[in-house]
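Chemist: My structure is below; once you've seen it, I'll send some questions.
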Amino acid sequence: MKEKLIDYILDELKLNRWIDQQVKQSDYDKIKGVLILRDGERLAERYYNGGNASSRYPLEEISYFIVALLVGAAIDRRVLRSVEVSISDHLPEFRRQHFTLYHRIKVKHLLTMSSGIEYGDDMTKIISKDPICNLSDEAISQIIKLPLAEVPGLHYKYKKVDIIILCCLLENVLGYSLREFCNDVLLAPLNIDASCSKDDQEMLLNVRDIAKLGQLVLQNGMWENRKIINVGFIRDMITPSKPNRDFGYQTRLYPYGYGVCNRNGSQIIVFPQEKLVGVIMAEKSVVPRYYGGIVSGILDFLH
């Protein structure tokens, strides 16, 4: 036991030093925090550019990952029958669109970004920063005006409209706010204390809490011997979808693992064989960023 503890300490010191070198030598000036867990234990934790352990960050695409988990929780609680359910079963606005294929859109099509809806440029009124926190009352009435470009389920196209529909559907079947449901079934059981942005449009989490989301999926939906999400749903979440073999349920799939990545480079990454969970959080960026050097380097370092 003592030798194992010493190994962990040495690994943490070495990996912290290596991450520092990468951030210093590379174009990683926007990175705020890096956290690596192995077997649920901290292996490395570093902060830069004014970030610290208590700093909280907007989630952006990471919130979509959370929405997918909430779908699993809704199915577990039998408020939603399955991912095969048509959205028109719970959103009557789509049921009235008989002249379109909207009634053929299923929950799984929204999870895999394959609804077939053509994203419009005039969606600013309904596109909230974080649909978990702030869904527009006009969302569905505006979305049903958008054309359906193709049969649902055929092709992947990354778009926020699918997530907004999913959030509206969940609130309809729940009968209360998605934010409350998220706290009840996911955040509170994981001992995550979320806050909101000043405009109340974005959920904010710190690096350690974000890592718990990846750890939950790595542990097949279990947390401290308690089932949070059904293992079958978790497996489907990280299984390649038909429209895109590199995408599951709001989860990007890689040769070495899976995760979710924001436009600014913030990400959760999971290496299942190594039992590793990594989180990188960064400042907002005008141009897309990807901190893949750290992600791929972690495996190289440990091997």
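The values are calculated or read from the model by the stated rules, or taken from the named source; none is laboratory data. All figures in this text were calculated on a predicted structure; none of them were measured in a lab. Neighbour counts are summed over all protein chains in view; Cβ atoms, including those assigned to glycine, are modelled from backbone coordinates with ideal geometry. The area values use the complete protein model at the heavy-atom level, side chains included, leaving out ligands, DNA and RNA. Shrake-Rupley method; radii C 1.70, N 1.55, O 1.52, S 1.80 Å.
Chemist: From the set of residues in the stretch 157-175 that are open to solvent by 60 Å² or more (accessible area, probe 1.4 Å) and in contact (Cβ under 8 Å) with a residue 40 or more places away in the chain, which is farthest from the chain's Cα centre (by Cα)?
Modeler: The qualifying residue farthest from the chain's Cα centre (by Cα) is Asn172.
Chemist: Which condition breaks for Glu93 when tested against (1) assigned to a strand (DSSP E or B); (2) open to solvent by 50 Å² or more (accessible area, probe 1.4 Å)?
Modeler: Every listed condition holds for Glu93 apart from (1).
Chemist: Name the residues in the stretch 284-303 that are under 22 Å from Lys212 (Cβ atoms) and open to solvent by 20 Å² or more (accessible area, probe 1.4 Å), would you?
Modeler: Answer for the stretch 284-303, where residues must be under 22 Å from Lys212 (Cβ atoms) and open to solvent by 20 Å² or more (accessible area, probe 1.4 Å): Leu299, Leu302.
Chemist: Could you grab me the full set of residues in the stretch 141-156 that are among the β-branched types (Val, Ile, Thr) and crowded, with 18+ Cβ neighbours inside 10 Å?
Modeler: Ile143
Chemist: Still on this model: From (1) part of a loop (DSSP other than H, G, I, E, B); (2) open to solvent by less than 10 Å² (accessible area, probe 1.4 Å), pick out the condition that doesn't hold for Phe181.
Modeler: For Phe181, the failing item is (1).
Chemist: Follow-up question, since we're still on this one. For the stretch 41-90, enumerate the residues that are in contact with a strand residue (DSSP E or B) (Cβ under 9 Å, 6 or more places away or on another chain), of a type in the set (A, V, I, L, M) and outside any helix (DSSP H, G or I).
Modeler: Scanning the stretch 41-90 gives Leu43, Ala44, Ala53, Leu59, Val83, Val85.
Chemist: In the stretch 146-178, how many residues are under 30 Å from Arg245 (Cα atoms) and in a loop (DSSP other than H, G, I, E, B)?
Modeler: The qualifying residues number 13.
Chemist: Follow-up. Taking only pairs six or more apart or across chains, which ones have beta-carbon atoms under 6 Å, a first residue in the stretch 37-56 that is surrounded by 14 or more Cβ atoms within 10 Å (Cβ to Cβ), and a second residue that is of a type in the set (Ser, Thr, Tyr)?
Modeler: Qualifying pairs under 6 Å: Arg56/Ser195.
Chemist: Is the stretch 132-141 home to any residue that is under 16 Å from the mean Cα position of the chain (by Cα) and touching a residue at least 24 places away in the same chain (Cβ under 8 Å)?
Modeler: Yes: one or more hits.
Chemist: Quick one: which of Asp246, Asp236, Asp300 is of a type outside the set (Phe, Trp, Tyr) and in contact with a Leu (Cβ under 8 Å, 6 or more places away or on another chain)?
Modeler: Asp246
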